[in-house]
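Below is one structure, written out as structure tokens; comments come after it.
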Amino acid sequence: MFEILLLISLQNLLSSSLLSKNLKIKIYRTVILPVVLYGCETWSLTLREERGPRVFENRVLRRVFGTKRDEVIEEWRKLYNEELSDLYCSPNTLRMIKSRRDGRDM
């Protein structure tokens with residue numbers, strides 16, 4: 001719940017065209033992720049609960065990277081999950097949670 005409030009408070013910053021994508025990614029990694037992942041070493045996630053961190057991360061990354069012009073239909077569209085992971089090039093949040101829970105730090 002807290003991560004949603006954090007995203008709402010930072011959505012204007014992450015959507016701003018005044019900041020570079022690299023700076024937005026640094027903000028995500030240094031401000032947002034530590035807050036979201038706080039205490040994740042003790043979480044026991046069910047398969048249903050594992051969807052939450054993925055949805056949250058994709059929501060943040062869509063804010064950071066914006067939309068894409070689809071040349072076939074000549075309209076703007078949201079980026080697909082695969083495109084987001086290609087652009088972000090870092091381990092996803094769920095993998096970070098599992099590695100921290102197992103005692104490995106990424």
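Here are the numbers:
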{"quantity": "Number of the condition not met by Glu82 [criteria: (1) acidic (Asp, Glu); (2) surrounded by 10 or more Cβ atoms within 10 Å (Cβ to Cβ); (3) more than 11 Å from the chain's Cα centre (by Cα)]", "calculated": "(2)"}
{"quantity": "Hits in region 82-105 - residues which are of a type in the set (D, E, K, R) and farther than 14 Å from Tyr38 by Cα", "calculated": "Glu82, Glu83, Asp86, Arg95, Asp102, Arg104"}
{"quantity": "Test: residue in region 70-87 that is at pLDDT 90 or above and aromatic (Phe, Trp, Tyr)", "calculated": "yes"}
{"quantity": "Number of positions in region 1-58 that are farther than 22 Å from Glu82 by Cα and not in a helix (DSSP H, G or I)", "calculated": "11"}
{"quantity": "Which numbered condition Tyr80 misses (of (1) free of Cβ contacts under 8 Å to residues at least 24 places away in the same chain; (2) touching a Cys at 6+ places or on another chain (Cβ under 7 Å); (3) not aliphatic (A, V, I, L, M))", "calculated": "(2)"}
{"quantity": "Subset tally (residues that are more than 22 Å from Gln11 (Cα to Cα) and part of a strand (DSSP E or B)) for region 59-106", "calculated": "2"}
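The values are calculated or read from the model by the stated rules, or taken from the named source; none is laboratory data. None of these values were measured; they are calculated from a predicted model. As a convention, Cβ positions derive from the backbone with ideal geometry for all residues, glycine included, and neighbour counts pool all protein chains shown.
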